[in-house]
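Report on the following structure.
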Amino acid sequence: MAASSNIWQLVQSLTQQEKLFFRRDFSRSTGNGHDPLYLQVFDLLNKQQEYDESKLIQQLSPALNAKNISYTKNYLTEQLFKALLVLHATEDIDAGLYQQLSLVRILRNKNLHKMALKIWQSSLKQARQYENYAMIQLLKEEYRKLQLYYNPKATQQDLLNDYDEAIISVEEYAKLLEMQELHFQALLLRRKAHFRQTKEDQGTIKNMLQQPILDAPIVNRSFLYKHYYHMTKATLHYLQHNAESYVHAYVNIHNWQAAPDRIGYDPENYIEVLYVFYYTAVLAKDYQHVIDVMEHPANKRINGASHIAYFEAIKHLALNRIYNKLADYYKVEALVKGMKKMMLQWEQYVNEDIQRTLNLSLGIACFVLRDYDDAYHYIKNALLLFDNNSRTEHYSFAHLFLLVICFEKKDNYLFELQYKSTYSYFYRHETPLPFEKAIIHALNKAYHTGNFKGLQQQFNQLSDTLKLTANDPVQQQVFTIFNFPVWIESKLNRVPYKEWVVRKVKEGLQESKTAS
């Protein structure tokens, strides 16, 4: 969308409360019974379904024209920004702290030192509560200036004693910043690929885990330090497919859910904690705990349309995968209906990585429910959301899974088209791994045999090949997304995949009871 439409996007993003505040409580009337030009532009932008600048000029001509429209839009943007800051100052703790800092400075310059000190003390307490260390440093500098003028007899020790209750020392703060940098690097590696990393990335992960700061025990009281420590180790161990990742994710999610005020203050970090916990719990096969965490009452502290959309999307991704693994297909069916309804709303807020994963999740669920048309639609959608810098393993999986969908759809033209596309991807863009090569060729041969005996021969050979390559870590990870061997078994036994999975899960539960 063109940059000139930014103001339209801003207006369309406003809630009814924000629009009402801007029109009724913030904007100024000209006093002659007519709204100022920028407010008239606001009203028309609010009504436009798509941005149309020429229509805007036509409707407000001659007051609005090609010469002054840029100025009018810029002025409207500035006024909207100011209104949003005023409206949300009471809701945003950090914004409130910056306002209090400004007030301390104003009162100090007016020689109202006692009043300034009272506000300073309240602000510092709140900044410490949420570990806003940048604000704490600004407040400390303000305190120094305040004491220089207000209490010139104060000694250095007096100054130190007044803010000696810091959660962490300056040295520990430096370590916190180092930990944040490590976490950010780990996050970028995870977004690039959960598995199928390059050798260079594997080396980077190994070197990061060997950093002394990640070996040292946690000895300070900082919630943030503990958060970044556990998140970094959980992420890096997860990328190595190491079950130790779950230990750190487990501790971290419980730390957060035991401190619900933190969730309301910092929902972005909490949502990331949920995301990592879900993946590590699947790796550790602790499925019930994922359900408990996603349904925890503390999650109600998440606020704001964007944050709620991210949480709901991740929650549905997690539950869809868990219910599929537990073969609880009544819940899968209900969940899929809800996800289909919410997709358009979520897409307004969540990034392409989450959108892509949502489409893959829906595609797999629809396949299991034998809705092959929707399965094809969602996996195709997922392919359109790929780039070269994120989740490359999903791109390979999508090509492979589309061929399986087309195999089930029994549409000769579509199967041939997809086979050529999948073959082209794996042989032109990358060398297929042994299990990928085996699946592609077995599906093609089985599809063209035209009889069950031929299919049986091809799929038995495929099953044997997959057993020989079972130690391939990429194969193991792909089969946790969709269980190709069990699907092959279902075809060999002429039982629908869903019913076959239910049977396998029941057998597994029975074996577990017998063993215990």
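Brief remarks on what is shown
- Scalar couplings 3J(HN,Hα) for the stretch 339-354, obtained by applying the Karplus form with A = 6.51, B = -1.76, C = 1.60 to θ = phi - 60°, are 5, 4, 5, 8, 3, 4, 5, 4, 4, 5, 10, 7, 6, 5, 4, 5 Hz; x denotes Gly and Pro.
- Quotient of Cα Rg and 2.2 N^0.38 Å for the stretch 341-496, N being how many residues it contains: 1.04
- Computed from phi, the 3J(HN,Hα) profile of the stretch 8-16 under the Karplus parametrisation 6.51, -1.76, 1.60 (θ = phi - 60°) reads 5, 4, 4, 4, 5, 7, 5, 7, 4 Hz, with x in place of Gly and Pro.
- Working note: Karplus 6.51/-1.76/1.60 with θ = phi - 60° gives the stretch 127-138 the couplings 4, 5, 4, 9, 6, 8, 5, 4, 5, 4, 5, 5 Hz, where Gly and Pro are set to x.
- Each 5 Å bin from 0 upward holds the following percent of the Cα-Cα pairs of the stretch 393-433: 5, 27, 32, 20, 11, 4.
- Summing charges over neighbours of residue 327, with a neighbour being any other residue whose Cβ is under 13 Å away from its Cβ, gives +3 when K and R count +1 and D and E count -1.
- Annotation: the stretch 209-326 has a Kirkwood hydrodynamic radius of 14.6 angstrom, from the mean reciprocal C-alpha pair distance.
- Förster radius 30 Å - calculated FRET efficiency between residue 453 and residue 188, Cβ distance, rounded to 0.05: 0.05
- Percentage relative contact order, the stretch 401-516, counting C-alpha pairs under 8 Å, at least six apart: 17
- The chain shape via C-alpha gyration tensor axes, a/c threshold 1.5: oblate
- The residues neighbouring residue 282, those whose beta-carbon lies less than 12 Å from its own, together hold a net charge of +2 under the Lys/Arg +1, Asp/Glu -1 convention.
- DSSP loop GluC sites (Glu not before Pro) with at most 11 other Cβ within 10 Å excluded, longest remaining stretch of the chain: 296-516
- For the pair residue 289 and residue 353, label points projected 7 Å from Cα toward Cβ lie 2.3 nm apart.
- Computed E for residue 328/residue 148 - FRET, C-beta separation, R0 60 angstrom, nearest 0.05: 0.35
- Once the chain from residue 373 to residue 471 is taken as fully extended at 0.36 nm per residue, the excess over their C-alpha distance is 31.9 nm.
- Around residue 211: net Lys/Arg minus Asp/Glu count, Cβ-Cβ under 13 Å: 0
- You can think of it this way: the chain between residue 226 and residue 6 has 75.3 nm of extra reach, that is 0.36 nm per residue less the Cα-Cα gap.
- Loop sites in the stretch 391-493: trypsin sites (Lys or Arg not before Pro), DSSP, at most 13 other Cβ within 10 Å: 410
- Mean Cα-pair separation over length for the chain, i.e. relative contact order, pairs under 8 Å, 6 or more apart, %: 8
- Label point of residue 506 set 7 angstrom out along Cα-Cβ; within the stretch 324-343, amide nitrogens under 18 Å from it belong to 324-332.
- Over the stretch 3-88: Kirkwood hydrodynamic radius from C-alpha pairwise inverse distances, Å: 13.2
- Pairwise FRET efficiency - residue 241 versus residue 424, Cβ, R0 = 22 Å, nearest 0.05: 0.15
Laboratory data are not the source of any read-out in this text; all were calculated from the coordinates shown. Values in this document were obtained by computation on a predicted structure and should not be read as measured data. Please note: Cβ atoms are built from the backbone with ideal geometry, for glycine as well, and neighbour counts cover all protein chains shown.
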